[in-house]
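Worksheet: one structure, shown below.
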Amino acid sequence: SSLPGFGNPALRPERWMHATAGLEWEAVEGALELDASAFAKLGSSVISPSDRVIERDGARVAERFSNDGVGRVLG
């Protein structure tokens, strides 16, 4: 739950998609092995700060946070 007067009770869960890939190669049998991996994490509806003013319960209030953000993590 949010703090009264601070949070945004209309926030929805964030959505994230994860993907990984890997490669392993034995260059010299029993002596030299190489491997590599990569990952990606892509987000939508990410919670981010908002400076909009909205109407909630008949009053104009600061939205403070919204689900308008996007995210990307690569490695």
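The values are calculated or read from the model by the stated rules, or taken from the named source; none is laboratory data. The structure presented is a predicted model; accordingly, all values stated were derived computationally and were not measured. When we count neighbours, we look across all protein chains shown, and the Cβ atoms used for this are built from the backbone with ideal geometry, even at glycine. Surface accessibility is based on the protein's heavy atoms, side chains included, excluding ligands, DNA and RNA. Shrake-Rupley method; radii C 1.70, N 1.55, O 1.52, S 1.80 Å.
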**OP:** Compute, for V53, the solvent-accessible surface of its heavy atoms (probe 1.4 Å) with the complete set of protein chains present, and express it in square angstrom to the nearest 10.
**Re:** 80
**OP:** Kindly report, to the nearest 10 Å², the accessible surface of W25 as traced by a 1.4 Å probe over protein heavy atoms only.
**Re:** 150
Original post:
In whole Å and largest first, what semi-axes does the C-alpha gyration tensor of segment 12-65 yield when each eigenvalue is scaled by 5 and square-rooted?
Top reply: 51, 9, 5
**OP:** Identify, among N67, L23, L42, the residue whose Cα sits farthest towards the positive end of the charge dipole of segment 21-75, taking +1 on the Cβ of Lys and Arg and -1 on the Cβ of Asp and Glu, with the dipole about the Cα centre.
**Re:** N67
Original post:
How much area per residue is accessible in the chain when the probe is 1.4 Å and only protein heavy atoms are counted (Å²)?
Top reply: 82
**OP:** Only Lys, Arg, Asp and Glu count, each charged at its Cβ (+1, +1, -1, -1), so figure out the dipole size of the chain about its Cα centre, rounded to 20 debye.
**Re:** 740
